[in-house]
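The values are calculated or read from the model by the stated rules, or taken from the named source; none is laboratory data. Bear in mind that the values here come from a model prediction, so they are computed numbers and not experimental data. Every residue, glycine as well, gets a Cβ built from its backbone with ideal geometry; the counts of neighbours run over all protein chains shown.
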Amino acid sequence: MRSRLLASSLFSALALFAACGDDPATPPTPGKASLRVVHASPDAPAVDVYAVGVATPLISNLAYGQASPYIEVDEGTYDLQVKPAGQPTAAPVYDTGNLTLAADDKITAIAAGFLTSTADADKFRVLPLAEGFTAPGSGKAAVRIVHASADAPTVGVDVGDDNPAAPEVAALARFADTGAAGIALPSGQALQVGIDAGGARVTAFTTPALPDGADLFVIATGRLGDLPREATGFGLLAVGPSGVVGLIKQNPTVYALHASPDAPAVDIRAGATGPVLLGNVAFGDLGAVQVPPGDYDLAFYAAGAAPGTPAATAPVTGLTAGERYLAIATGFLSPATGEAPFQLLAFQDEFTTDAMPRLRAIHASPDAPAVDIGVANGNVLAQALITNIAFKAATPGEGLVVPAAPSIRVGVAATGTTATAATFNISTASKPRAFVVAAGALSPASGEEGFRLLQIDTSASPWALTELLPNAN
C-alpha cells in the first residue's frame, strides 16, 4: 500500500522541518512592525489583503493553507480588509477594524472560521497574534498551538498520545491559542499528538522531528467533518519563521473486520508480543484503531490468550497519514485440503465523495467460486453489474454508482450463470459510500459461519456495519 510514497512523503516533511530550523527569516528592520497572514479558512477562496486608503494590496492571492511573507510597515493604526483575490472593487469579506502596530511588533494574523457562516461561533474572522516566543532551551522547540478549526469543539492536546484524560493542554477553545511564549516540546524526534474532547480521543497525529530551537505555530485547521484525506480535512498546519512548513494529516485509521468462518473471537496485537490493538473481535465484528503511519505485522490470538505464539500473523504495510483502510481477516484458520488459509486482505478508502450512493464489492468468502453480482428477479440474476470477481478481489475503489432506494434485491451467482446462490435486500436510501463484503462459508461445515454480506458504510465516522443474511426465497 504505497510504502514508497509514504517514505517519500515523510522524507519531504522531515526536510521541510529541518529547513525551518536552518533557514530563519530575515531579521526585521529596527523600528518597523512586521505583519504576515496565514490563510486557515477552509471554505474561503484565495484572498487579497488591503489597508484602507491604500489602493495596492499588502498581500495578494493568498490561498487556503498558505502564509504570506512578513511585510514591514511603519508603526501606526491600520484598518485591514480582506477581499476575494483579484477583485479590488469587491466589498470586503472581512474588516479587522483598527489594528495598532507598535515599532518592532511582530504579528501573525490567522484567517479562520467559515466564510459562508453568519453564526458567531464559527463565522470568518482574523486572529491577530503578537509573537513573543521564549527561547526553548537545548533539545527543545517552541510551539504555539492555535485552535482554528471552526467545526471542532474545545479540545485537549495530549503530547505523547498517552493520556487523553489528562492532556498537557487541557482545554483549548475554538479560536484560542496557547500563548505568545510557546510550549517547549522535544526536538529531534517525531511526536505523537492526541486531540481529545471531553476526555475521549478525537484523532491523533505524528509530527516529523521538530528542529532544535525552532519557533513554530501549529494551527489546527480544516473541517473535522471532512475526510482526513481531503484538502479541507482536519489537520495541523505548521508555520515557521520562513512560512508554511507543511500540513500534518491525521494518523491512518484501520477498520478491522473478522470474516473468517472458523476462527473464534480474536485479539489483534501489533506484533507477536506487542500491545492489543483490538480485543475480542468476533465474526462479523468491525473494530477501529488509529496508528502512526508505517508498516505493521498483526498477530491474531484467541481472545484473552496471553502473548506468545500467535494463531496467525499477517502484514499490513504502507499505512499513510490521512488515509483510512479496511482490513479483512478471512480464510480458514484450520483449512481442509484445497481451502484458502487464514489471511488478511487490506483495502484503502478511495470512494468518490459525490452525492450518489456508491458500493464497492469485496469477495472474502474463502470457499466460494468467482461470482457475478447484480440485480435479481426472484432467484434469477437479471442484470449483472459486477462480473467474475474472485476470492480476495474487489471492484474499483471509487465505488459503483447505484440508485438510492429503500431496498434493492441483489443476487450472487457463479460466474457465467444466472441461477443465484443467494439473494439479499440492500438499502441505499441513505446514499452510503459502502463496502459490501461477501463473507462466511458458502458450504459451511459444522461450527462454521455461513455465507452472508456485510455492508460497511464509510460515509460517517465511525464506520457502521450492517449484516445482511440471505433471503429465504
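A109: small (G, A, S) and over 27 Å from F234 (Cβ atoms), yes or no? Working first, answer last.
On the way: small (G, A, S): yes; over 27 Å from F234 (Cβ atoms): no.
No; evaluated as a whole, the condition is false for this residue.
Of L62, L58, L115, which residue is of a type in the set (A, V, I, L, M, F, W, C) and farther than 16 Å from A40 by Cβ? Give the derivation first.
On the way: L62 fails: farther than 16 Å from A40 by Cβ; L115 fails: farther than 16 Å from A40 by Cβ.
L58 is the lone residue from the list that is of a type in the set (A, V, I, L, M, F, W, C) and farther than 16 Å from A40 by Cβ.
Given the residues G182, G246, G225, G188, which is the only one that is modelled with pLDDT of 95 or more and not assigned by TED's automatic domain parsing to the domain that holds G279?
On the way: G246 fails: modelled with pLDDT of 95 or more; G225 fails: modelled with pLDDT of 95 or more; G188 fails: modelled with pLDDT of 95 or more.
None of the others qualify; the one that does is G182.
Looking only at the range 204-230, how many residues end up being surrounded by fewer than 21 Cβ atoms within 10 Å (Cβ to Cβ) and either without any contact (Cβ under 8 Å) to a residue 24 or more places away in the chain or on the phi > 0 side of the Ramachandran plot (or both)?
So the count comes out to 1.
Could you identify the single residue in T77, T154, T116, T96 that is among the β-branched types (V, I, T) and either closer than 16 Å to V37 by Cα or free of Cβ contacts under 8 Å to residues at least 12 places away in the same chain (or both)? Walk me through how you get there before you give the answer.
Values: T77 fails: either closer than 16 Å to V37 by Cα or free of Cβ contacts under 8 Å to residues at least 12 places away in the same chain (or both); T154 fails: either closer than 16 Å to V37 by Cα or free of Cβ contacts under 8 Å to residues at least 12 places away in the same chain (or both); T116 fails: either closer than 16 Å to V37 by Cα or free of Cβ contacts under 8 Å to residues at least 12 places away in the same chain (or both).
Being among the β-branched types (V, I, T) and either closer than 16 Å to V37 by Cα or free of Cβ contacts under 8 Å to residues at least 12 places away in the same chain (or both) holds for just one of T77, T154, T116, T96, which is T96.
Given the conditions (1) assigned to a loop (DSSP other than H, G, I, E, B); (2) farther than 21 Å from T458 by Cβ; (3) in contact (Cβ under 8 Å) with a residue 24 or more places away in the chain, and given that N280 satisfies all but one, which numbered condition is not satisfied?
(1)
Taking T116 as meeting all but one of (1) surrounded by fewer than 18 Cβ atoms within 10 Å (Cβ to Cβ); (2) more than 26 Å from T96 (Cβ to Cβ), write down the number of the exception.
Failed condition: (2).
Using beta carbons and a limit of 9 Å, which pairs, at least six apart or on different chains, have the first residue in the range 344-368 and surrounded by fewer than 20 Cβ atoms within 10 Å (Cβ to Cβ) and of a type in the set (S, T, Y) and the second one modelled with pLDDT of 95 or more and in a strand (DSSP E or B)?
As it stands, the answer is T352/R358; T352/V401; T352/R433; T353/R433, since those pairs meet every condition given.
Restricting to the range 369-391, count the residues that are surrounded by fewer than 16 Cβ atoms within 10 Å (Cβ to Cβ) and touching a Pro at 6+ places or on another chain (Cβ under 9 Å).
1
Working carefully through the options S138, S149, find the one that is buried (at least 22 other Cβ atoms within 10 Å of the Cβ), among the hydroxyl-bearing types (S, T, Y), in contact (Cβ under 8 Å) with a residue 60 or more places away in the chain and in a loop (DSSP other than H, G, I, E, B). Reasoning before the result, please.
Working: S138 fails: buried (at least 22 other Cβ atoms within 10 Å of the Cβ).
None of the other options fit; the residue is S149.
Does D196 fit the bill of being touching a Gly at 6+ places or on another chain (Cβ under 6 Å) and either of a type outside the set (S, T, N, Q) or assigned by TED's automatic domain parsing to the domain that holds A220 (or both)? So that I can check it myself, show each step before the final result.
Details: touching a Gly at 6+ places or on another chain (Cβ under 6 Å): yes; either of a type outside the set (S, T, N, Q) or assigned by TED's automatic domain parsing to the domain that holds A220 (or both): yes.
Considered against the rule, which asks whether it is touching a Gly at 6+ places or on another chain (Cβ under 6 Å) and either of a type outside the set (S, T, N, Q) or assigned by TED's automatic domain parsing to the domain that holds A220 (or both), D196 comes out as yes.
Every residue in the range 137-152 that is under 17 Å from L185 (Cβ atoms) and either hydroxyl-bearing (S, T, Y) or in the same structural domain as T108 (by TED's automatic domain parsing) (or both), please.
S138
Taking the condition of being buried (at least 16 other Cβ atoms within 10 Å of the Cβ) and touching a residue at least 40 places away in the same chain (Cβ under 8 Å), how many residues in the range 314-339 meet it? First the steps, then the outcome.
So in the range 314-339, the residues buried (at least 16 other Cβ atoms within 10 Å of the Cβ) come out as 314, 316, 318-333.
Now narrow it down to the ones that are touching a residue at least 40 places away in the same chain (Cβ under 8 Å): 316, 318-333.
So the count comes out to 17.
On the basis of being outside any strand (DSSP E or B) and over 30 Å from A119 (Cβ atoms), does A166 make the cut? First the steps, then the outcome.
Values: outside any strand (DSSP E or B): yes; over 30 Å from A119 (Cβ atoms): yes.
Judged against the criteria, A166 is a match.
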